[in-house]
Amino acid sequence: MAQNSKIGWTDHTQNFWWGCHKVSEECRHCYISGIMRRGGYEPFAGPMRTKNWSNPRRWNRAANQSGKRLRVFTCSMSDFFHPGADAWRDEAWDVIRACESLDWLILTKRPELIEDRLPDDWGDGFPNVWLGTTAGSTKSLARVDLLTQIPAAVRFVSAEPLLEAIDLRPYLDSLDWVITGCERAKKGERRLMDLDWVREIDSHCTAFGVPHFFKQYYKDDLGLPREDGILDGEVRQGWPQSPHLVNRL
Ligand code: SF4
């Protein structure tokens, strides 16, 4: 089945709604801006419900037929826990719950809103939902602290854009996966990432046995970012280890 995402760590993206509000420095060059403005929409006026709700059931059938789980990045053009989407979220949970052969990657910059927006049958976490938060700066580590208090089958941190050195060690015992990557923005506007910040996270992840996925970085400030995940000659693109994920490892 054709993938609808160019993001290296997912097979598909599913936007139940799109549009958002900026909440922190990691949002400065949010990519939804250009995409939505080109379509004639205002990106930062809050979420709007989309009409693309039937795709996941099709992907789920394909995953069942192939016997291979598929990853779905959820609300790549918004934030799944944005309060402006409260009216639609229960319906989205219904789709997520029904599509058991899809792994739903929900990445939020609003972890303080998660707990009150989980479905009643969440329990220790739906086995097909990976909950993540973004932390590209020391200030944002408070989000990681909040995330680690939420039960989930897989918890992850996206340190992208990585804006400074951050210390994830206090949280790594409670995390299953860490992503790192530089900011994507126009030359002259992007804030460059120091590879030493990635090296430090990589070594801490190794020490704690947490897989690290190094996504991309600009080798210099000229061209496109490298996306091969190579750090000091070695590919560093690990995935969470979990029993229900075994058929795709
Ligand atoms: S939370 Fe995500 S989608 Fe929303 S403004 Fe920030 S970067 Fe963009």
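Just so you know, all these numbers are worked out from the coordinates, no wet-lab data involved. These figures come from a predicted structure and were not determined experimentally. All Cβ positions, glycine included, derive from the backbone under ideal geometry; neighbour counts span all protein chains shown.
Eigen-decomposition of the gyration tensor built on the alpha-carbon atoms of region 109-249 gives equivalent ellipsoid semi-axes of 27, 17, 14 angstrom, largest listed first. Once backbone amide H atoms are built at 1.01 Å from N, Arg71 has Asp11, His12, Asp103 as its partners under 5 Å, excluding neighbours fewer than 5 places away on the same chain.
Could you compute the net charge surrounding Leu172? Neighbours are other residues with a C-beta less than 13 Å from the C-beta of Leu172; K and R count +1, D and E count -1.
Around Leu172, the surrounding residues sum to -4.
For the peptides 175-182, 210-217, 40-47, 146-153, the ranking by mean Cβ contacts within 10 Å, running from highest to lowest, is 175-182, 210-217, 146-153, 40-47. Only helices enter this figure: runs of n ≥ 4 DSSP H residues, each worth -39500 (n - 2.57), summed and divided by the residues of the chain, yield -6500 deg cm²/dmol at 222 nm to the nearest 500. For region 26-131, the residue among Val95, Cys75, Tyr31 whose Cα projects farthest onto the positive side of the dipole built from Cβ charges is Tyr31. Straight-line cross-link reach from Lys219 at under 21 Å between alpha-carbon atoms covers these lysines, not counting any fewer than eight positions away in the same chain: Lys6, Lys186, Lys187.
Inter-part distance, region 68-146 to region 8-29, computed on C-alpha centroids, equals 12 Å.
With charges only on Cβ, +1 for K and R and -1 for D and E, what is the dipole size of region 12-248 about its Cα centre, in debye, rounded to 20?
1060
In terms of the mean number of neighbouring beta-carbon atoms within 10 Å, the peptides 154-165, 226-237 order highest first as 154-165, 226-237.
Positive-end ranking of Leu163, Phe208, Ile114 along the dipole of region 67-218, with charges on Cβ about the Cα centre, is headed by Leu163.
The Stokes-Einstein estimate for the chain, based on a Kirkwood radius over Cα pairs and taken at 25 °C with 0.890 mPa s viscosity, is a diffusion coefficient of 132 µm²/s. Given a Förster radius of 30 Å and the C-beta distance between Ala87 and Ile35 as r, what FRET efficiency does 1/(1 + (r/R0)^6) yield to the nearest 0.05? For Ala87 and Ile35, the calculated efficiency is 0.80. Ignoring lysines fewer than eight residues from Lys109 along the same chain, the ones with Cα atoms less than 21 angstrom from its Cα are Lys22, Lys139, Lys215.
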